């Protein structure tokens, strides 16, 4: 039995660590399962087409960001009598520098983080 080596470049943060809500433009609310500087895993009630471009709006208590990316994969995770839930992985086009683990960046840089109320 072989063990697949870890391919992730940055650490994922689960729902209890990142404190962030998300939506996919033009306004589809999604549940953020985990988040890293390179991408996000989200759950939604609509299918996300692998290869399609998306814009993910992230909102935390003290900051917000809009990240463009592409859907890597999407699958059904739950089927109920009145709904279906999908889980999709999104790879960002650029690094989200919120967590300090982005290679080459120690703090967030301008243009990505916008203070609330501005």
With 0.36 nm assigned to each residue of separation and the Cα-Cα distance removed, residue 80 to residue 25 gains 17.3 nm
Say each of residue 73 and residue 45 gets a label point 7 Å from the Cα, pointing the same way as Cα to Cβ; how far apart are those two points in nm? 2.6
What is the distance in Å between the Cα centroid of region 66-88 and that of region 45-63? 11
Gain on full stretching of the segment that runs from residue 59 to residue 93 - 0.36 nm per residue minus C-alpha separation: 10.4 nm
Kirkwood Rh over alpha-carbon pairs of region 13-92 plugged into Stokes-Einstein at 25 °C, 0.890 mPa s gives a D in µm²/s of 194
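Every number here is computed from the coordinates shown, using simple stated rules; none is lab data. Quantities reported herein were computed from a predicted structural model and do not represent experimental measurements. Every residue, glycine among them, receives a Cβ derived from its backbone with ideal geometry; neighbour counts consider all protein chains shown.
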